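Asks: The structure follows.
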2 protein chains.
Amino acid sequence: MDLQEYMLRMGKQAREAAKILAKTPTKVKNQALEAIAQQLRQQQQLLLAANAKDLETGKAKGLDSALLDRLTLNDLRITNLIEGLHQVIALPDPVGAITDLNYRPSGIQVGKMRVPLGVVGMIYESRPNVTAEAAALCLKSGNATILRGGSESIHSNQAIAQCISAGLQAASLPSTAVQVIETTDRAAVGELIRLAKYVDVIIPRGGKSLIERISQEACIPVIKHLDGICHTYIDDQADLDKAITVAYNAKTQRYGTCNTMETLLVAAGIAAQVLPPLAEKYQAAGVELRGCPVTQAILPGIQSATAEDWDTEYLAPILSIRVVKDLDEAMEHICQHGSQHTDAIITENWNRARRFLTEVDSSSVMVNTSTRFADGFEYGLGAEIGISTDKFHARGPVGLEGLTSQKFIVLGDGQIRQ
Amino acid sequence: MDLQEYMLRMGKQAREAAKILAKTPTKVKNQALEAIAQQLRQQQQLLLAANAKDLETGKAKGLDSALLDRLTLNDLRITNLIEGLHQVIALPDPVGAITDLNYRPSGIQVGKMRVPLGVVGMIYESRPNVTAEAAALCLKSGNATILRGGSESIHSNQAIAQCISAGLQAASLPSTAVQVIETTDRAAVGELIRLAKYVDVIIPRGGKSLIERISQEACIPVIKHLDGICHTYIDDQADLDKAITVAYNAKTQRYGTCNTMETLLVAAGIAAQVLPPLAEKYQAAGVELRGCPVTQAILPGIQSATAEDWDTEYLAPILSIRVVKDLDEAMEHICQHGSQHTDAIITENWNRARRFLTEVDSSSVMVNTSTRFADGFEYGLGAEIGISTDKFHARGPVGLEGLTSQKFIVLGDGQIRQ
């Protein structure tokens with residue numbers, strides 16, 4: 001197979017399919033999603049068999065248990081996948097929405113109409129569920145998709161691709177609306193990110209180094225998610241109960257997620273009050289604490305935080321703690337060490353809350369609540385295709401709207417420009 | 001001078017300035033713009049002297065009259081520049097606007113706050129007025145700017161840069177909020193478009209080949225404007241008078257602009273009625289017509305359009321005309337040959353107008369009006385920093401809002417994630 005030619009053909013087919021999807025009514029897109037859900041249910045045994053093959057290869061390759069877990073499909077996960085499709089069906093269709101339609105002095109009306117981006121290229125790890133989720137979100141937002149999952153999931157992905165293809169055909173949509181790259185050759189990714197004529201956006205998911213490399217090499221806009229070094233700052237005018245409850249939740253509700261707090265900043269004026277009870281809760285939950293010298297003085301016996309700690313996304317039951325002078329020092333720390341993902345302040349002081357909201361340059365900025373809320377479902381976007389740590393186009397959780405753009409529409413009755 | 005180090009320093013300074021600009025109140029930004037306007041007025045003789053130097057070098061280099069005209073500053077143009085600054089002062093400040101703030105079932109409120117992109121890198125031709133206009137739009141939207149004009153305008157740009165710097169200082173803003181690259185070394189552009197850590201977006205203006213090269217090589221998002229091959233389609237249910245008035249205006253109101261119609265598509269059923277009177281008007285205005293065979297049969301004596309004509313942005317008094325069967329053939333032609341810039345339909349038929357609006361994938365899609373309206377001023381955006389033919393982030397005329405992004409804000413009262 002000539003890889004370049006293969007990817008070029010895929011790109012062209014996606015572009016053609018995108019034209020059709022862009023004008024496909026909501027009802028038909030939902031019919032296709034429903035048909036895909038039915039296919040996944042009907043082909044459940046086939047999916048599990050394909051997945052078993054991947055798992056076998058993965059074990060032989062020596063994948064660690066976390067990777068094997070992400071690769072695994074089982075009855076429950078397939079049911080969840082199908083449930084996810086139904087959630088996407090229930091979401092409002094963003095395409096075609098017209099906003100800001102106003103008369104201009106010339107007599108024309110100018111407004112904006114929401115339209116699909118066109119063709120989305122997804123590059124992700126060996127997680128078969130992403131294949132179905134990404135396809136569903138792109139389909140609902142009127143975009144064609146080219147999907148490239150990790151090589152360990154190739155059989156599972158092909159089995160899911162067959163279900164998607166059959167579902168699309170059942171709704172009389174082109175099966176090329178969702179294409180799964182069938183080769184595990186890594187060079188296919190290199191080709192995909194250079195198909196500027198046929199692909200409108202690349203969404204990579206996975207390790208930071210992979211995403212950095214793709215961003216460097218792509219000739220196409222990238223919606224990227226690098227790391228999540230999230231902070232909670234407990235101001236000296238914080239409510240103690242709220243501070244303890246929220247800071248505990250932000251770290252311990254889940255450890256491996258990008259919106260988990262990794263560093264706790266505490267104002268010097270409240271540190272001696274808030275840190276001991278909070279540390280007790282963390283330690284009871286098995287969280288390892290690493291502190292600055294002032295923190296260590298308040299919490300004797302904890303490890304000292306090194307310079308590296310402030311720049312680390314642990315994704316684990318570890319928390320670095322720093323006592324800062326005031327809001328300014330907290331914001332300076334976040335600016336220096338944060339990843340512009342999600343940062344929160346706990347305070348009852350109106351002015352400081354307003355300053356934090358305005359001045360912290362992160363995709364989600366929060367007052368008196370847990371960073372763990374930074375998530376498409378919690379924000380009411382429905383599912384999310386990713387979380388963007390960029391500022392361009394989409395910031396934060398990217399749902400259906402982030403997969404669309406707006407064109408201007410101009411309505412007249414014979415007006416001409418003078 | 002070590003160019004790489006020079007550009008790196010410029011990038012770092014811009015990033016520092018951007019932090020300050022992001023939290024600068026509207027009033028102070030307007031004071032700076034006002035002070036810049038005053039400086040331009042006070043330093044008018046100095047500007048003209050610097051410009052005379054550029055013009056002399058330009059003439060010696062053999063620049064053609066169009067380029068020399070764009071390079072020229074004179075009393076009227078400086079007055080227009082100052083007037084342009086006052087218009088930017090009058091525009092509403094987009095920064096800080098909060099939208100879609102809604103309660104979620106968890107009790108948190110989630111909304112979006114508009115924020116500056118950060119640092120904008122502008123690369124443009126030898127047009128000194130762009131230096132002041134771009135600086136003003138970026139400043140008002142809270143962005144720091146690094147400006148790189150064509151080498152022929154270097155003295156004019158440096159003189160304008162001094163006015164800007166003095167104006168910024170008068171408002172106690174860092175003079176590094178707007179930086180003009182002081183070397184004419186082309187390698188500076190290559191460095192600028194790779195300063196991914198310090199520059200958030202590149203806006204190139206100029207020839208298509210330059211923009212294509214920058215887009216290929218940049219490691220930073222680019223807001224780009226390639227070509228404007230704009231169409232007007234006269235449907236067979238068009239009002240004849242409107243069709244003639246609008247199609248005449250779309251071609252002849254100005255020839256050299258990107259939103260000028262370059263190809264007229266006419267439905268077969270109305271061609272014999274509409275083309276003869278329209279051709280008479282075009283020919284009286286000196287527009288050269290090039291037609292498909294059917295057009296030539298209706299308008300004997302006109303040149304035949306070659307395959308190349310349909311893909312050409314003339315920017316001149318030349319118009320290609322094609323008779324098409326119906327709306328579908330017209331939209332197919334636009335899809336094949338258009339540049340997704342601006343396209344219009346003239347029709348009284350409701351359903352066809354709706355289909356054209358939905359199905360034509362251009363940054364501006366119009367019904368019964370002139371493509372010449374596709375412009376930031378006419379759309380009510382105020383000035384525009386460019387017109388984007390991309391779909392990502394901003395489409396069509398890019399004003400202040402296109403220079404901003406939105407972050408999520410989350411307000412709570414101690415809520416935690418369950």
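Asks: So, A:T245, is that one within 14 Å of another protein chain (Cβ to nearest Cβ) and under 21 Å from the mean Cα position of the chain (by Cα) or not? Outline the logic, then answer.
Replies: Details: within 14 Å of another protein chain (Cβ to nearest Cβ): yes; under 21 Å from the mean Cα position of the chain (by Cα): no.
In short, no.
Asks: Residue by residue through region B:390-406, note down the ones that are open to solvent by less than 20 Å² (accessible area, probe 1.4 Å) and either more than 9 Å from chain A (Cβ to nearest Cβ) or of a type outside the set (A, V, I, L, M, F, W, C) (or both).
Replies: B:R395, B:G396, B:P397, B:V398, B:G399, B:L400, B:G402, B:L403, B:T404, B:S405
Asks: Moving on. Of B:E217, B:E212, which residue is open to solvent by 60 Å² or more (accessible area, probe 1.4 Å), under 20 Å from B:R395 (Cβ atoms) and within 11 Å of chain A (Cβ to nearest Cβ)? Quick ask: steps written out before the conclusion?
Replies: Working: B:E217 fails: under 20 Å from B:R395 (Cβ atoms).
Within the list B:E217, B:E212, the selection yields B:E212.
Asks: Determine which single condition B:E191 fails, assuming it passes every other condition in (1) within 14 Å of chain A (Cβ to nearest Cβ); (2) open to solvent by 50 Å² or more (accessible area, probe 1.4 Å).
Replies: With respect to (1) within 14 Å of chain A (Cβ to nearest Cβ); (2) open to solvent by 50 Å² or more (accessible area, probe 1.4 Å), B:E191 is out only on (1).
Asks: Could you give every pair whose Cβ atoms fall below 7 Å, whose first residue belongs to region B:54-75 and is assigned by TED's automatic domain parsing to the domain that holds B:R127, and whose second residue is surrounded by 17 or more Cβ atoms within 10 Å (Cβ to Cβ) and hydroxyl-bearing (S, T, Y), counting only separations of at least 6 or pairs across chains?
Replies: B:D54/B:S153; B:D54/B:S156; B:L55/B:T72; B:L67/B:S126; B:R70/B:S126; B:L71/B:S126; B:L71/B:S153; B:L73/B:S156
Asks: I've got another one for you. Under the condition of being among the small types (G, A, S) and either over 22 Å from B:F392 (Cβ atoms) or at the interface with chain A (Cβ under 7 Å from one of its Cβ atoms) (or both), which residue from region B:326-346 is surrounded by the most Cβ atoms within 10 Å (Cβ to Cβ)?
Replies: Just the residues of region B:326-346 that are among the small types (G, A, S), to begin with: B:330, B:338-339, B:344.
Narrowing the set further to residues that are either over 22 Å from B:F392 (Cβ atoms) or at the interface with chain A (Cβ under 7 Å from one of its Cβ atoms) (or both) leaves B:330, B:344.
Numbers: B:A330: 25, B:A344: 30.
Once the filter is applied, the top-ranked residue is B:A344.
Asks: Still on this structure, please answer the following. For region A:363-389, which residues satisfy the criterion of being assigned to a loop (DSSP other than H, G, I, E, B), out of contact with any Lys or Arg (no Cβ under 8 Å at 6 or more places or on another chain) and more than 8 Å from chain B (Cβ to nearest Cβ)? Explain how you work it out, then say what you get.
Replies: Of all residues in region A:363-389, those assigned to a loop (DSSP other than H, G, I, E, B) come to A:363, A:370, A:374-375, A:380-385, A:389.
Pick out the ones that are also out of contact with any Lys or Arg (no Cβ under 8 Å at 6 or more places or on another chain) and you get A:374-375, A:381-385.
Selection gives A:D375, A:L381, A:G382, A:A383, A:E384, A:I385.
Asks: Here is a follow-up. Quick one: would you say B:N349 is touching a residue at least 60 places away in the same chain (Cβ under 8 Å), surrounded by fewer than 21 Cβ atoms within 10 Å (Cβ to Cβ) and more than 30 Å from A:R372 (Cα to Cα)? Break it down into steps so the answer makes sense when it comes.
Replies: Numbers: touching a residue at least 60 places away in the same chain (Cβ under 8 Å): yes; surrounded by fewer than 21 Cβ atoms within 10 Å (Cβ to Cβ): yes; more than 30 Å from A:R372 (Cα to Cα): yes.
Judged against the criteria, B:N349 is a match.
Asks: Tell me which residues, restricted to region A:347-361, are among the hydroxyl-bearing types (S, T, Y) and more than 7 Å from chain B (Cβ to nearest Cβ). Please lay out each step first, then the result.
Replies: Of all residues in region A:347-361, those among the hydroxyl-bearing types (S, T, Y) come to A:347, A:358.
Across region A:347-361, the qualifying residue is only A:T347.
Asks: May I ask you to list the residues in region A:289-304 that are open to solvent by less than 70 Å² (accessible area, probe 1.4 Å) and outside any loop (DSSP other than H, G, I, E, B)? Write out each step before concluding.
Replies: Here is the first cut: in region A:289-304, the ones open to solvent by less than 70 Å² (accessible area, probe 1.4 Å) are A:289-292, A:295-296, A:298-299, A:302, A:304.
A:L289, A:R290, A:G291, A:T295, A:Q296, A:I298, A:S304, listed by residue number.
Asks: Check B:T184 against each of (1) open to solvent by less than 40 Å² (accessible area, probe 1.4 Å); (2) more than 18 Å from the chain's Cα centre (by Cα); (3) polar (S, T, N, Q); (4) not assigned by TED's automatic domain parsing to the domain that holds B:F356 and name the one condition it does not meet.
Replies: Status for B:T184: all satisfied but (1).
Asks: Right, next: Please determine, by comparing only the residues of region B:80-118 that are in a strand (DSSP E or B), touching an Asp or Glu at 6+ places or on another chain (Cβ under 9 Å) and open to solvent by 30 Å² or more (accessible area, probe 1.4 Å), which one is nearest to B:K27 (Cα to Cα).
Replies: Ranking the candidates gives B:R114 first.
Asks: Can you tell me which of A:I82, A:I20, A:I36 is in contact (Cβ under 8 Å) with a residue 12 or more places away in the chain, assigned by TED's automatic domain parsing to the domain that holds A:S151 and touching a Lys or Arg at 6+ places or on another chain (Cβ under 8 Å)?
Replies: Details: A:I20 fails: touching a Lys or Arg at 6+ places or on another chain (Cβ under 8 Å); A:I36 fails: touching a Lys or Arg at 6+ places or on another chain (Cβ under 8 Å).
Just a single option satisfies the conditions, and that option is A:I82.
Asks: Which residues, counting only those in region A:139-166, are part of a helix (DSSP H, G or I) and either open to solvent by 10 Å² or more (accessible area, probe 1.4 Å) or farther than 17 Å from A:A50 by Cβ (or both)?
Replies: From region A:139-166, those part of a helix (DSSP H, G or I) are A:139-140, A:151-166; that's our starting set.
Residues satisfying the conditions are A:L139, A:K140, A:S151, A:E152, A:I154, A:H155, A:Q158, A:A161, A:Q162, A:S165, A:A166.
Asks: Quick check, is B:I409 more than 7 Å from chain A (Cβ to nearest Cβ) and either farther than 26 Å from B:G84 by Cβ or more than 12 Å from the chain's Cα centre (by Cα) (or both)? Talk me through it step by step, then tell me what you get.
Replies: On the way: more than 7 Å from chain A (Cβ to nearest Cβ): no; either farther than 26 Å from B:G84 by Cβ or more than 12 Å from the chain's Cα centre (by Cα) (or both): yes.
Here the answer is no, as B:I409 does not meet what is asked.
Asks: Let me ask you something else. From the set of residues in region A:305-322 that are closer than 11 Å to A:L289 by Cα and part of a loop (DSSP other than H, G, I, E, B), which is least open to solvent (accessible area, probe 1.4 Å)?
Replies: Among those that are closer than 11 Å to A:L289 by Cα and part of a loop (DSSP other than H, G, I, E, B), it is A:A305.
Asks: From (1) in a loop (DSSP other than H, G, I, E, B); (2) more than 23 Å from the chain's Cα centre (by Cα); (3) within 12 Å of chain B (Cβ to nearest Cβ); (4) not aromatic (F, W, Y), pick out the condition that doesn't hold for A:D236.
Replies: Tallying (1) in a loop (DSSP other than H, G, I, E, B); (2) more than 23 Å from the chain's Cα centre (by Cα); (3) within 12 Å of chain B (Cβ to nearest Cβ); (4) not aromatic (F, W, Y), A:D236 fails exactly one: (3).
Asks: Look at region B:19-59 and say how many of its residues are under 27 Å from A:E332 (Cβ atoms) and not polar (S, T, N, Q). Before you say what the answer is, go through the steps one by one.
Replies: Our first condition is that a residue be under 27 Å from A:E332 (Cβ atoms); within region B:19-59, this holds for B:19-29, B:31-32.
Add one more test, that the residue is not polar (S, T, N, Q), and what stays is B:19-23, B:25, B:27-29, B:32.
Final tally of qualifying residues: 10.
Asks: Which numbered condition trips up A:L357, out of (1) hydrophobic (A, V, I, L, M, F, W, C); (2) in contact (Cβ under 8 Å) with a residue 40 or more places away in the chain; (3) open to solvent by 10 Å² or more (accessible area, probe 1.4 Å)?
Replies: Tallying (1) hydrophobic (A, V, I, L, M, F, W, C); (2) in contact (Cβ under 8 Å) with a residue 40 or more places away in the chain; (3) open to solvent by 10 Å² or more (accessible area, probe 1.4 Å), A:L357 fails exactly one: (2).
Asks: Keeping to region A:107-137, report how many residues are within 14 Å of chain B (Cβ to nearest Cβ) and under 22 Å from A:A17 (Cβ atoms). Let's see the steps before the verdict.
Replies: To start, the set of residues in region A:107-137 that are within 14 Å of chain B (Cβ to nearest Cβ) comprises A:107-121.
Those still in the list that are under 22 Å from A:A17 (Cβ atoms) too: A:113-121.
So the answer is 9.
Asks: Test B:G286 against the criterion of being in the same structural domain as B:E359 (by TED's automatic domain parsing), modelled with pLDDT under 95, among the small types (G, A, S) and more than 25 Å from the chain's Cα centre (by Cα), and give yes or no. Full working, then the answer.
Replies: Details: in the same structural domain as B:E359 (by TED's automatic domain parsing): yes; modelled with pLDDT under 95: no; among the small types (G, A, S): yes; more than 25 Å from the chain's Cα centre (by Cα): yes.
Answer is no for this residue.
Asks: B:K27 - would you say it is open to solvent by 70 Å² or more (accessible area, probe 1.4 Å), in the same structural domain as B:T79 (by TED's automatic domain parsing), touching a helix residue (DSSP H, G or I) at 6+ places or on another chain (Cβ under 9 Å) and free of Cβ contacts under 8 Å to residues at least 40 places away in the same chain? Before you say what the answer is, go through the steps one by one.
Replies: Numbers: open to solvent by 70 Å² or more (accessible area, probe 1.4 Å): yes; in the same structural domain as B:T79 (by TED's automatic domain parsing): yes; touching a helix residue (DSSP H, G or I) at 6+ places or on another chain (Cβ under 9 Å): no; free of Cβ contacts under 8 Å to residues at least 40 places away in the same chain: yes.
Answer is no for this residue.
The values are calculated or read from the model by the stated rules, or taken from the named source; none is laboratory data. Fair warning: this is a prediction, and the values are worked out from it, not measured in the lab. With ideal geometry, Cβ positions are generated from the backbone for all residues, glycine too; neighbour counts draw on all protein chains shown. These area figures cover heavy atoms from the full protein model, side chains too; ligands, DNA and RNA do not enter into them. Shrake-Rupley method; radii C 1.70, N 1.55, O 1.52, S 1.80 Å.
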